[in-house]
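> Quick one: the structure is below, questions incoming.
Nothing in this text is a laboratory measurement; each read-out follows from the coordinates by a stated rule. Keep in mind it's a predicted model, so treat the numbers as computed, not measured. Cβ atoms come from the backbone with ideal geometry, glycine included; neighbour counts cover every protein chain shown.
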Amino acid sequence: MLPFGRVAIIGMGLIGSSLARAVRAAMPTVRLTVSDGDALVRERVRALDLADDVTDHAGAAVVDAELVILAVPVGAMAPVAAEIAADLAPGAIVSDVGSVKARVLADLVAALPGVAVIPGHPVAGTEKSGPDAGFASLFADRWCILTPPADADPAQVTQLAAFWSALGARVETMDAAHHDRVLAVTSHLPHLIAYSIVGTASDLEAVTRSEVIKYSAGGFRDFTRIAASDPIMWRDVFLHNREAVLELLGRFTEDLVALQRAIRWGEGETLEALFTRTRAIRRSIIEMGQDDARPDFGRSHEG
């Protein structure tokens, strides 16, 4: 039995369009309605045939939906929730896919009194954006973290978990504030560092921008991939998870100064000990199936 018969997705970027494709592939009998604020995106979604209905207004998309998923930047969650509030069907569950949860939970609960709000975060994505960037297998064997409020109906949490499981995701629940601390470590700070490193490289007067591009080694290429992520989405992430990010950034700055000191004073043992410890973490990520163990991160060297 399907967890939901009618699903609405608001926002058709990478995650929203991947979600639509995944629903179509795994649950083809689900009635899927989507909406996006950009007319060109809606036109492209229709051309790609990603849903049964594509609406101009978010409220029209949610009228009969049993599950509504907000796939918009976290800064847009509150206004979109206010836009759909009057049109939600009785008993509908409202969720999202943002990588910040405490602020989103507070915003959605405030905008949707009496509605079942169960935030979610599929820990998956690429640096690309837009409806053409999505693909149905994006969530396969990836974690989806649900952060239900304390008063959430356990049956509805189970229902939403079953939905994500049907798309191939591995589901876990945790407290919203704890989620934000975890993601500050595993996602938000790495993105901030990538943006900073790539920005610094482009600003260096002693090295031309053409040289940075021409002679980029693997490590810098990986940073540029991360730094190519959607700027609006990540602007909102940092502003909405600022406390956890700033706390972690302070710790990172202290550790970076310690590394600077070790390099300055030739403390090779200190450097080797850190690099050995971090190498073990990389192996653990591969063992858990969260990345590719092939040489050079699975890059193709053909041609």
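> Taking DSSP loops as anything outside H, G, I, E and B, show the longest stretch in the chain free of trypsin sites (Lys or Arg not before Pro) there with at most 15 other beta carbons within 10 Å. Before the final figure, lay out each step's value.
On the way: sites that count: Lys128, Arg299.
The segment 129-298 is the longest one with no such site.
> Still on this structure: How long, wide and thick is segment 178-289, going by the Cα atoms along their three principal axes, in whole angstroms, largest first?
Taking the Cα atoms of segment 178-289, the three principal extents are 40, 38, 30 Å.
> Something else: For a bin width of 10 Å, list the pair-distance distribution of the chain built from all Cα-Cα distances, rounded to whole %.
Binned Cα distances yield the sequence 6, 24, 33, 21, 11, 4, 0.
> Have a look at Ile15, Ile197, Ile263 and tell me which one the Gaussian network model of the chain (Cα, springs below 10 Å) gives the largest fluctuation.
Ile263
> At most 10 other Cβ atoms within 10 Å plus a DSSP loop assignment makes a site exposed; report the longest stretch of the chain without any exposed chymotrypsin sites (Phe, Trp or Tyr not before Pro). Before the final figure, lay out each step's value.
Values: sites that count: Tyr215, Trp265.
It runs 1-214.
> Using a ≥ b ≥ c from the Cα gyration tensor of segment 110-181 (square roots of the eigenvalues), is it rounded, prolate or oblate, where a/c under 1.5 gives rounded and otherwise the larger of a/b and b/c decides, a/b for prolate?
Working: a/c = 1.85, a/b = 1.64, b/c = 1.12.
Because a/c hits 1.5 or more and a/b exceeds b/c, segment 110-181 counts as prolate.
> About its Cα centre, how strong a charge dipole does the chain have in debye, to the nearest 20, once Lys and Arg get +1 and Asp and Glu get -1 at the Cβ?
Values: 28 positive and 39 negative charges, 131 e Å.
Computed charge dipole of the chain: roughly 640 debye.
> Sticking with this one: Give or take rounding to whole Å, what are the principal axis extents of the alpha carbon atoms in segment 6-174, in descending order?
41, 35, 30
> May I pose another question? Which GluC sites (Glu not before Pro) in segment 128-227 pass both tests, a DSSP loop state and at most 13 other beta-carbon atoms within 10 Å? Numbers along the way, then the final one.
On the way: sites: Glu172, Glu205, Glu211; in loops: Glu205.
Answer in residue order: Glu205.
> While we're on this one: Using only Cα atoms and rounding to the nearest 10 degrees, what angle (0 to 90) does helix 39-48 make with the longest principal axis of the chain?
80
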